[in-house]
Every structure is written in structure tokens, then in C-alpha cells.
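These notes concern the structure reproduced below.
Since every read-out is calculated from the coordinates, none of them should be taken as a lab result. Here the structure is a predicted model, which means the values were calculated and not measured. Here the Cβ is made from the backbone with ideal geometry for all residues, glycine too, and neighbour counts use every protein chain on show.
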Amino acid sequence: MVTERIIIEDTHRIDAGKLERAAEILREGGLVAFPTETVYGLGANALDEEAAKKIYAAKGRPSDNPLIAHIADFSDLKPLVAEIPAAAGKLMEAFWPGPLTLIFPKSDAVPYGTTGGLDTVAVRMPSDPVAMTLIRLAGVPVAAPSANTSGRPSPTTADHVWQDMNGKIDMIVDGGPVGIGVESTIIDVSGEYPVILRPGAITQEMAGEVLGMEIGLDPAITGDGPMNADVKPKAPGMKYKHYAPKGDLTIVEGVPSRVIAAINELTRQCEAHGQKAAVIATEENMGKYQCGHVSCIGTRAREETIAANLFDILRKMDDMGVDVIYSESFYNGGLGQAIMNRLLKAAGHQVIDANTGEHKHCL
Ligand code: AMP
Ligand code: MG
């Protein structure tokens with residue numbers, strides 16, 4: 001298949017005519033990758049089971065891992081869901097359009113082929129103007145998981161999408177690098193209490209404030225609860241390995257001076273054994289590492305810079321062909337919760353405590 005690529009130069013004044021062909025492909029059951037404010041999505045008609053199958057095939061994604069349906073207007077929600085719980089109404093009002101996905105009981109219109117066989121459906125209204133214009137033009141809800149090969153870091157630029165999807169999909173709409181860089185927050189509002197299934201840019205604190213209550217994290221994220229590692233994930237997608245670079249990534253946590261000393265010692269040992277080592281460092285500490293390859297992920301003063309660079313850095317590690325990677329650790333609150341969630345998955349949950357030297361498995 002030849003993958004067509006179109007560029008939207010001015011995303012503030014979109015020439016809708018340029019997106020007409022993309023919208024037509026979606027209506028006809030084809031695949032179009034497009035930018036959203038979180039990461040690039042791989043879109044197909046969410047009501048067309050055959051189209052959804054093509055997404056799973058292009059990504060190499062297990063078919064029990066459900067897709068998120070993207071809409072452009074509030075009136076698009078009702079046909080997809082059996083019910084709109086009160087908590088959902090408040091969250092939508094506060095955060096839509098934006099990086100928040102909500103899980104509803106599904107209507108009969110949504111095929112099981114898009115929900116991974118579940119009776120619930122995930123819905124999001126993205127704020128990115130290219131995404132909005134495209135979904136509106138298509139006139140159908142658009143199922144759109146991240147436009148990467150399953151297991152690889154999510155794409156934050158059209159080039160990332162090209163690396164993974166060239167020849168496998170009909171079109172890539174290039175709207176430049178995304179703003180946020182980590183996938184949407186997912187909140188399940190279909191049960192008795194709302195629960196966060198995936199942390200994102202709408203933080204636990206932000207959502208809690210709107211609902212006037214503390215919102216829990218799903219035990220599969222925190223590792224809490226009676227069954228600990230055996231907790232059955234609520235969202236099938238949560239059980240899959242994600243984002244992993246080819247090199248062996250370990251997170252090093254602890255007081256900064258110890259982290260730097262530990263990483264310097266670890267990379268020195270790797271290099272002495274002829275391995276290619278790299279460090280993922282913050283701007284604050286960049287100059288303090290002796291390793292031959294030090295990549296800057298952003299500044300601790302503005303966590304959003306770290307979120308925005310995370311997946312690109314992990315892909316660059318693959319491009320450089322490094323064998324071993326050590327990353328600094330981040331504060332696990334606010335947006336940091338989303339950053340650490342992705343980084344821990346990418347590291348296969350391997351963490352070294354620089355204060356004690358202990359190797360840990362952290363969720
Ligand atoms: P992505 O891989 O970014 O497309 O995100 C899709 C993720 O959304 C899945 O892996 C699930 O974690 C979650 N999700 C989608 N639909 C549902 C659903 N009906 N119930 C629970 N989680 C869902
Ligand atoms: Mg994904």
C-alpha cells in the first residue's frame with residue numbers, strides 16, 4: 001500500500017479542503033493517522049468493525065485491547081453510549097475538548113470490534129484543531145489508538161508515524177509535533193465511583209477538584225490492593241508491555257547527588273565492557289554525567305517539557321542503537337504521575353534506589 005502524506009502548515013487556519021480526502025478515506029473504511037494534542041492517532045471509522053480490524057493489523061495490536069472513539073461535538077456522544085453518568089457530565093464540561101477519555105456503558109451502535117469485546121466504550125473529544133476538523137468532516141466517530149507499532153513508544157511527530165506505519169495505512173496528516181506528548185487521562189465513569197485507568201495531562205488532582213472528591217487510581221496502576229501484581233486490569237490494554245526502547249532501560253531514583261554518582265558508576269562499567277550506554281537527564285543535571293551519550297529530556301522546572309520529549313527520546317535511543325539506558329526519576333504527582341507511568345512501563349518496571357543500591361520492581 002502507498003501511504004500518502006499531507007502537511008497542514010498553518011494549524012490555526014486550516015484549509016479544510018486539504019482534509020477532504022482524509023475524511024473520505026475514513027468514511028470509506030480506510031486508515032488515516034492524524035495529530036491530536038496528546039499523541040498522533042491512527043484513525044478509522046469507530047462504527048465499522050472491518051475498519052477497526054485494519055487498525056489492529058497495522059499496529060500489530062492484540063484485538064482485546066479496546067480503542068478510543070474520538071468525537072468533535074458534544075452531540076456526537078449520545079449515539080455511542082447507553083447512559084451519561086452525572087460525574088461524566090461534570091468532567092466533560094470541565095475538560096472537553098481536551099486530553100481526557102471517559103469510559104461509558106456502550107450503546108448498540110458501537111461494535112464489539114472497537115471495544116475489545118467489552119460492554120463499555122471509551123470516548124474522547126480532542127482539542128487539536130486538525131483532529132477536530134478531520135473528525136467533523138468525516139462525519140463519523142473516529143477510533144484512534146496511538147499511531148505506533150504496538151509496544152513501541154507512541155508517536156509525537158509525523159516522522160515517528162512514518163517510521164512505523166509507512167506502507168501499512170492510507171494516509172498520514174502531518175500537523176507538526178504534538179503539544180502534550182503523553183496519551184489522554186482515562187477515567188472510568190461506568191461504575192459506582194470514578195476510577196483513573198491511565199494518568200495523563202488531566203491530573204488526579206484536577207479531576208478530583210471538579211468532582212469534589214478524591215478519585216482513586218486503578219490498582220493495576222498503583223500495585224495496591226489485596227492481589228498486588230496479580231490484580232486483574234480493568235482495561236485489557238493495561239496488561240500489555242508498552243513504549244519499550246530496544247536498549248535495556250533502568251530508572252535510577254534517590255537524592256540527586258546519589259543518582260548522578262550511581263549513574264556515572266553504572267555507565268562507566270557498561271562502557272568498560274564495550275556496551276553503548278546512554279543517560280536520560282534533565283537540563284538541571286546535564287553537565288554532571290561522564291557517559292558518552294547524554295540526552296536532555298527537559299527541565300524539572302517545567303514538567304510539561306519532560307512529557308513532551310519523553311517518547312521522542314525513547315525513539316532516539318533506538319536510532320542510536322544503545323545497549324543500556326539509565327534515566328533519572330521524576331516526582332510522582334501532578335503531570336509527573338503520567339510521566340512516571342510511561343517511563344516505568346518503558347523500563348519494564350526496573351528501578352535502582354541510588355540511596356541503598358537496591359534493585360526494585362516498581363509499578
Ligand atoms: P490507546 O492505546 O492510546 O489507544 O488507548 C487505548 C486504551 O484505552 C486501552 O488500552 C485501554 O486501556 C483504554 N480503553 C479503551 N476502551 C476501554 C474500555 N471500554 N474500558 C476500559 N478501558 C478502555
Ligand atoms: Mg497506545
Mean residue ellipticity (222 nm) of the chain, computed from DSSP H runs ≥ 4 via -39,500 (n - 2.57), nearest 500
-9500 deg cm²/dmol
So how strong a dipole does the chain carry about its Cα centre when Lys and Arg Cβ are +1 and Asp and Glu Cβ are -1, to the nearest 20 debye?
600
Applying a 10 Å radius around every beta-carbon, put 325-333, 111-119 in order of their mean neighbour count, most first.
325-333, 111-119
In terms of the charge dipole of the chain, which places +1 on Lys and Arg and -1 on Asp and Glu at the beta carbon, the residue among VAL255, SER190, TYR331 farthest towards the positive end is VAL255
Within the chain, which DSSP H helices have Cα atoms that stretch 15 Å or more along the helix axis and a mean Kyte-Doolittle hydropathy of at least -1.0?
16-27, 49-59, 256-272, 303-320, 335-346
Could you compute the longest span of the chain free of trypsin sites (Lys or Arg not before Pro) located in DSSP loops and having at most 11 other Cβ atoms within 10 Å, not counting the site residues?
14-240
Estimated D of the stretch 44-182 in µm² per second, where Rh is the Kirkwood radius over Cα pairs and Stokes-Einstein applies at 37 °C, 0.692 mPa s
213
Computed on Cα atoms only, the convex hull of the chain has an orientation-averaged projected area in nm² of 18.1
Rounded to the nearest 20 Debye, what is the dipole magnitude of the stretch 1-120 about its Cα centre when Lys and Arg each give +1 and Asp and Glu each give -1 at the C-beta?
260
Could you tell me the center-to-center distance, by alpha carbons, between the stretch 313-349 and the stretch 31-61 in angstrom?
25
Of LYS53/LYS345; LYS54/LYS78; LYS246/LYS288; LYS316/LYS345; LYS54/LYS168; LYS78/LYS106, which sit over 19 Å apart, Cα to Cα?
LYS53/LYS345; LYS54/LYS78; LYS246/LYS288
